[in-house]
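Okay, so here's the structure we're looking at.
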Amino acid sequence: TEGLDCIRNTNGINLLLREYILDTNRNGSDISLDLLNKIEKDLTAARQAGWNLIIRFSYTHKSNRQDTDATEPRLTHVLNHIDQLAVVLNKYPDVITTVQAGFIGRY
């Protein structure tokens with residue numbers, strides 16, 4: 001949180017875009033407990049530093065040119081991932097400004 005404090009205090013910025021790439025979950029596998037814990041750790045750090053986050057989840061990243069054949073996950077898998085993430089995200093309404101609709105398509 002020290003780095004976040006420094007940016008906020010120096011530049012007056014307190015809104016940050018945080019992207020999570022779920023490329024290993026395109027096949028429908030559950031989001032790992034490790035990643036869910038990392039997301040929660042990020043949200044806790046943002047709360048402690050007085051930051052607000054814009055959050056985006058995607059299955060591919062536009063800068064990954066090798067991923068041009070990436071298939072989209074099935075809707076049932078996307079909905080399952082949203083349910084998994086909701087358990088964590090719903091604990092931080094004071095931190096999350098918005099969740100961008102990045103689950104479908106290339107971002």
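The values are calculated or read from the model by the stated rules, or taken from the named source; none is laboratory data. All of these numbers come straight from a predicted model, not from anything done at the bench. Here Cβ is always computed from backbone atoms with ideal geometry, including for glycine, and neighbour counts include all displayed protein chains.
Side notes on the structure shown:
- Pairs linking a residue in segment 11-35 that is in contact (Cβ under 8 Å) with a residue 24 or more places away in the chain and more than 11 Å from Ser58 (Cβ to Cβ) to a residue that is among the small types (Gly, Ala, Ser) and not in a loop (DSSP other than H, G, I, E, B), with Cβ atoms under 9 Å and 6 or more positions apart or on different chains, are Asn14/Ala49; Leu16/Ala46; Arg18/Ala46.
- Pair list, Cβ < 6 Å and 6+ apart or interchain, from segment 75-95 residues that are among the aromatic types (Phe, Trp, Tyr) to residues that are crowded, with 19+ Cβ neighbours inside 10 Å: Tyr92/Leu43
- Yes/no for Ile55 being of a type in the set (A, V, I, L, M), in a helix (DSSP H, G or I) and either modelled with pLDDT of 95 or more or surrounded by 14 or more Cβ atoms within 10 Å (Cβ to Cβ) (or both): no
- Residue ID - modelled with the lowest pLDDT, chosen from residues in segment 3-52 that are of a type in the set (Ser, Thr, Tyr) and in a helix (DSSP H, G or I): Thr10
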